[in-house]
Amino acid sequence: MPLMCLAVMLPSVWLAPTAMAVQTGTMTNKITDPQNLLGSNVSAVTDKIKETEETTGVHVRLQYVESFGTDAKPSTWASRALEATNPDPNTVLLAVASGDGNLVVAVSSNSDEWLRDEATVDELSKAATAPLAKQNDQNWSGAAIAMMNEIKQQKQTSTNSRTIRIGVIVMGVVLVLLVIVIVITVVVRRRRGGRKSSGGKTAKGGKASGRTPSSEPSERPGPSEPSEGETTMADLLGAIEKEGASGEKPMTRRELREARKGKRGFPRRK
């Protein structure tokens with residue numbers, strides 16, 4: 001994927017002080033400034049580069065040259081210059097050609113999507129250009145610091161947007177699961193209700209198998225066998241009838257009680 005970059009043509013009126021710049025400056029792995037355009041603000045810019053890297057994870061490189069040359073477009077020159085450094089992921093290059101009046105912001109191809117986005121690169125270029133808008137006031141250090149402030153702002157915006165997207169996705173998944181649970185619950189309840197209704201109709205219609213309590217034959221106890229006491233009374237009555245028939249005197253009540261208690265034969269009178 002090609003590097004994202006945006007070139008801005010600076011007004012020629014800004015170039016007058018540059019011709020008088022001293023040709024000694026800063027040369028580090030983060031800043032290339034042979035013309036000393038940053039001047040005494042090098043330490044402030046260096047601290048800002050470190051802060052930006054710690055807070056956003058974005059690596060910033062600053063390169064100030066006299067001209068980008070005539071063989072390639074400024075954006076192509078910046079892309080090649082950044083690619084030649086074998087940049088770390090999420091690296092931003094601010095390249096300035098003071099003699100040509102060009103300013104270019106390039107982003108490495110191995111950067112995150114939010115940083116590679118064309119809208120983000122455009123905002124970074126606008127932020128870097130704003131401090132140079134005043135005539136005869138080429139605030140090069142201000143341009144670099146403004147761009148890094150914009151990097152932080154774009155990072156926060158990207159994080160917030162990503163959080164919102166994740167929240168929307170999670171809510172959507174939860175709603176889908178909730179709908180599935182509701183549908184399953186309704187289906188299960190309807191099936192259970194149908195089974196109960198079918199069972200009730202079968203019982204009312206008399207179609208259910210098995211015997212009802214009314215259809216089963218009731219077992220009534222037959223005539224019970226006479227108990228021992230009842231048998232003795234029958235014998236006593238029979239004995240009385242026999243004695244009456246034979247002309248003998250009937251037994252007294254006392255004799256009957258004694259005979260009943262002893263379960264023996266009736267005493268005969270002498």
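The values are calculated or read from the model by the stated rules, or taken from the named source; none is laboratory data. Quick caveat: nothing in here was measured; it's all calculated off a predicted structure. Reconstructed Cβ throughout: ideal geometry from the backbone, glycine too, with neighbour counts over all protein chains shown. Accessible surface is based on the protein model in full, side chains and every heavy atom, while ligands, DNA and RNA are left aside. Shrake-Rupley method; radii C 1.70, N 1.55, O 1.52, S 1.80 Å.
Miscellaneous remarks
- Here P74 meets the list (1) touching a helix residue (DSSP H, G or I) at 6+ places or on another chain (Cβ under 7 Å); (2) open to solvent by less than 50 Å² (accessible area, probe 1.4 Å); (3) in contact (Cβ under 8 Å) with a residue 60 or more places away in the chain almost entirely, failing just condition (1).
- Exclusive hit being in contact (Cβ under 8 Å) with a residue 60 or more places away in the chain and aliphatic (A, V, I, L, M), set V65, V45: V45
- Hey, A127 free of Cβ contacts under 8 Å to residues at least 24 places away in the same chain and buried (at least 19 other Cβ atoms within 10 Å of the Cβ) or not: yes
- Residues in region 52-61 that are surrounded by 14 or more Cβ atoms within 10 Å (Cβ to Cβ) and assigned to a helix (DSSP H, G or I): T52, E53, T56.
- Of all residues in region 85-97, one or more are exposed (fewer than 15 other Cβ atoms within 10 Å of the Cβ), without any contact (Cβ under 8 Å) to a residue 12 or more places away in the chain and outside any helix (DSSP H, G or I).
- All of (1) modelled with pLDDT under 90; (2) under 45 Å from the mean Cα position of the chain (by Cα); (3) of a type outside the set (V, I, T) hold for P11 with one exception: (2).
- Out of K152, K134, sole residue that is within 30 Å of G101 (Cβ to Cβ) and outside any helix (DSSP H, G or I): K134
- Only residues that are β-branched (V, I, T) and either part of a helix (DSSP H, G or I) or at pLDDT 90 or above (or both) were counted across region 62-84, and they come to 2.
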